[in-house]
Amino acid sequence: MARGPAPVAIVLSEDEREQLESWARRRTSAAGLAMRSRIVLAAAEGGSNTEIAARLEQHRNTVARWRRRFLEHRLDGLVDEARSGRPRTVDDAAVERLITETLEKAPRNATHWSSRSMAAHLGMSQTTVSRVWRAFGLAPHKSETWKLSKDPLFTDKVRDVVGLYLDPPERAVVLCVDEKTQVQALDRTAPTFPMLPGTPERASHDYVRHGTSSLYAALDLTTGKVIGSLHARHRAVEFGKFLRKIDAEVPDALTVHLVLDNASTHKTPSIKRWLAAHPRFVLHFTPTSSSWLNLVERWFAELTTKKLQRSAHRSVSALNADIRAWIKAWNDDPKPYVWTKTAD
């Protein structure tokens, strides 16, 4: 049987070999390119097209084609050629202008652009504007707020509270304390319809108010358990009662570190006298406008979303009973929150 002409030898430079070996490792995202690279690497080691085809389980003509393509165009010959299709209608200059207008200007009759107003402004299609905005992560319709604390002792207070979270003292309990004021006892004006297949639970939009309650809560940093107390008002008198409840429930041998905000009810003469008479209580104040630093706020959010938001109560006593039951259920299986960020 007559043999065909011997294939032309392939000699690779160091850069070419390194690039081919890199492509050859890509088995999923560019499987075709990986196989072509392995064909060229095998050809560079020697051997006929038939031998390489058998080793790589490819057709002989496939091996011959990519060997020839590499000899003609080197690495560029292995990359997929551009496929035919609709040519671009928006060039780079138009995309740059769209991005610049979005970031640096505003429409005359609005505070921000919409995809339609921008399309009309630049003479583009609304679909093109939306596609470019998505590609560059631009969302003019979205807005976020922030607040800067003006507390002159901001840094010192952050280091104090965060240090307490990351390295709690021994023979002590750390309690995150705050009050959730004006919790409303609300009842819907019509019965809530239960969830059905294909239909979510439905409740009437309007409601009737039946009074308010104020919840004082102390979240144990280590165990996640909560000491709670409900009152009709939130004055220094009620805060004093809550301090006495904490004092009764925490073992006498432990120092009590309280993380709390700068509310005036925490600093009245009566509270100061009580704290002076109970030196095991140590107060750590969060900076002004920094309630996010108090972990009990995260627990309040959980109480709101999991219980209060979709509940109905026809009286304050029913509301208080529901909150007490939820706290008891939480304490049966508490989930402590773990602070991980350093003060820096």
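Brief remarks on what is shown
- In the set Lys225, Lys180, only one residue is open to solvent by 90 Å² or more (accessible area, probe 1.4 Å), within 27 Å of the chain's Cα centre (by Cα) and in contact (Cβ under 8 Å) with a residue 40 or more places away in the chain; that residue is Lys225.
- Per the listing Arg159, Arg116, Arg171, Arg131, the residue uniquely at pLDDT 90 or above and within 17 Å of Asp261 (Cα to Cα) is Arg159.
- Thr222 being in a loop (DSSP other than H, G, I, E, B), among the polar types (S, T, N, Q) and under 23 Å from Trp326 (Cβ atoms): yes
Matching residues to (1) among the hydrophobic types (A, V, I, L, M, F, W, C); (2) farther than 30 Å from Thr192 by Cβ; (3) in contact with a Pro (Cβ under 9 Å, 6 or more places away or on another chain); (4) open to solvent by 30 Å² or more (accessible area, probe 1.4 Å):
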position: Ala253; (1), (2), (3), (4): yes, yes, no, yes
position: Lys267; (1), (2), (3), (4): no, yes, no, yes
position: Phe285; (1), (2), (3), (4): yes, yes, no, yes
position: Arg310; (1), (2), (3), (4): no, no, no, yes
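- Any chance His205 is within 24 Å of Val316 (Cβ to Cβ) and free of Cβ contacts under 8 Å to residues at least 12 places away in the same chain: yes
- Thr199 satisfies every condition listed in (1) hydroxyl-bearing (Ser, Thr, Tyr); (2) modelled with pLDDT under 90; (3) in contact with a helix residue (DSSP H, G or I) (Cβ under 6 Å, 6 or more places away or on another chain) except (3).
- Of the residues making up region 99-147, those that are more than 30 Å from Trp292 (Cα to Cα) and polar (S, T, N, Q) are Thr100, Thr102, Asn109, Ser114, Ser115, Ser117, Ser125, Gln126, Thr127, Thr128, Ser130.
- Between Arg209, Arg244, Arg233, the distinction of being in a strand (DSSP E or B) and exposed (fewer than 14 other Cβ atoms within 10 Å of the Cβ) belongs to Arg209 only.
- Summed over region 314-335, the residues that are open to solvent by less than 60 Å² (accessible area, probe 1.4 Å), touching a residue at least 60 places away in the same chain (Cβ under 8 Å) and closer than 26 Å to Val173 by Cβ give a count of 6.
- Yes/no for Lys341 being part of a helix (DSSP H, G or I) and under 27 Å from the mean Cα position of the chain (by Cα): no
- Unique match (being of a type in the set (Phe, Trp, Tyr) and in contact with a Pro (Cβ under 6 Å, 6 or more places away or on another chain)) among Trp133, Trp146, Trp113, Trp66: Trp113
- So Lys147, is it modelled with pLDDT of 90 or more and of a type in the set (Lys, Arg): no
- Residues satisfying the stated conditions in region 287-306, i.e. in contact with a Lys or Arg (Cβ under 6 Å, 6 or more places away or on another chain), within 24 Å of Asp344 (Cβ to Cβ) and open to solvent by less than 20 Å² (accessible area, probe 1.4 Å): Pro287
- Leu166 being surrounded by fewer than 16 Cβ atoms within 10 Å (Cβ to Cβ) and either closer than 30 Å to His231 by Cα or under 25 Å from the mean Cα position of the chain (by Cα) (or both): yes
- Summed over region 269-313, the residues that are free of Cβ contacts under 8 Å to residues at least 40 places away in the same chain, in a helix (DSSP H, G or I) and more than 30 Å from Thr189 (Cβ to Cβ) give a count of 11.
The values are calculated or read from the model by the stated rules, or taken from the named source; none is laboratory data. In this text, all values refer to a predicted model and were calculated from it rather than measured experimentally. Counting neighbours? That spans all protein chains shown, and the Cβs are built from the backbone with ideal geometry, glycine included. Side chains are part of the model used for accessible areas, which takes the heavy atoms of the whole protein and leaves out ligands, DNA and RNA. Shrake-Rupley method; radii C 1.70, N 1.55, O 1.52, S 1.80 Å.
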